[in-house]
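What follows is one structure encoded as structure tokens, with my remarks underneath.
The values are calculated or read from the model by the stated rules, or taken from the named source; none is laboratory data. These figures come from a predicted structure and were not determined experimentally. Neighbour counts are summed over all protein chains in view; Cβ atoms, including those assigned to glycine, are modelled from backbone coordinates with ideal geometry.
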């Protein structure tokens, strides 16, 4: 680099940033950009004073999204496989934040999952009954099972399947397809609640 370019680079490096030359210019900069500043201050205030609520809403949004996209494969695979993450979000949210947030996560997550996978039918209402029972009983089951998120999740998965299987069979579902779903659903959730749920629960609890 020649001397002229070095001088230009040095001059630029030591020049003052526009709007930050002095306290007066900085205040003028803030005033001119007041909208951005107001929004930034409002966001920081919300995070400071309402962090607990923001944390709950963020966790709910995360689990709803997770549940919704976890069943998208059903758009192309017509066999009912019990691979889904709605139960994960439902159980963790119900225990960490309460029954109402858990029910919202479970019901909205399942609703969106069925819409995304294009498999929403009248028989889907049976699944919502299972979601409601699991969400309402999750905190009690958690305490009964020694506050183990793994045991709670597996137990509620079995309860959920015990509710929906007869319901689907009564509505004309094939016995083989229903049995396949229940078996794969329990196996998958044993894995999820053994390895994934404890990590997420420690972050949120």
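A few comments on the model shown:
- For the range 101-111, the criterion of being surrounded by fewer than 16 Cβ atoms within 10 Å (Cβ to Cβ) and at pLDDT 95 or above is satisfied by no residue at all.
- Check on residue 130, under 17 Å from residue 66 (Cα atoms), at pLDDT 95 or above and assigned by TED's automatic domain parsing to the domain that holds residue 85: no
- Within the range 72-88, the set of residues being without any contact (Cβ under 8 Å) to a residue 60 or more places away in the chain and surrounded by fewer than 22 Cβ atoms within 10 Å (Cβ to Cβ) comprises 72, 73, 74, 75, 76, 77, 78.
Conditions tested, residue by residue: (1) free of Cβ contacts under 8 Å to residues at least 40 places away in the same chain; (2) out of contact with any helix residue (DSSP H, G or I) (no Cβ under 6 Å at 6 or more places or on another chain); (3) under 19 Å from residue 101 (Cβ atoms); (4) assigned by TED's automatic domain parsing to the domain that holds residue 111.
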site: 150; (1), (2), (3), (4): no, no, no, yes
site: 160; (1), (2), (3), (4): no, no, yes, yes
site: 167; (1), (2), (3), (4): no, no, no, yes
site: 174; (1), (2), (3), (4): yes, yes, no, yes
site: 190; (1), (2), (3), (4): yes, no, no, yes
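- Any hit, the range 91-107, residues being under 20 Å from residue 168 (Cβ atoms), in contact with a helix residue (DSSP H, G or I) (Cβ under 9 Å, 6 or more places away or on another chain) and part of a helix (DSSP H, G or I): yes
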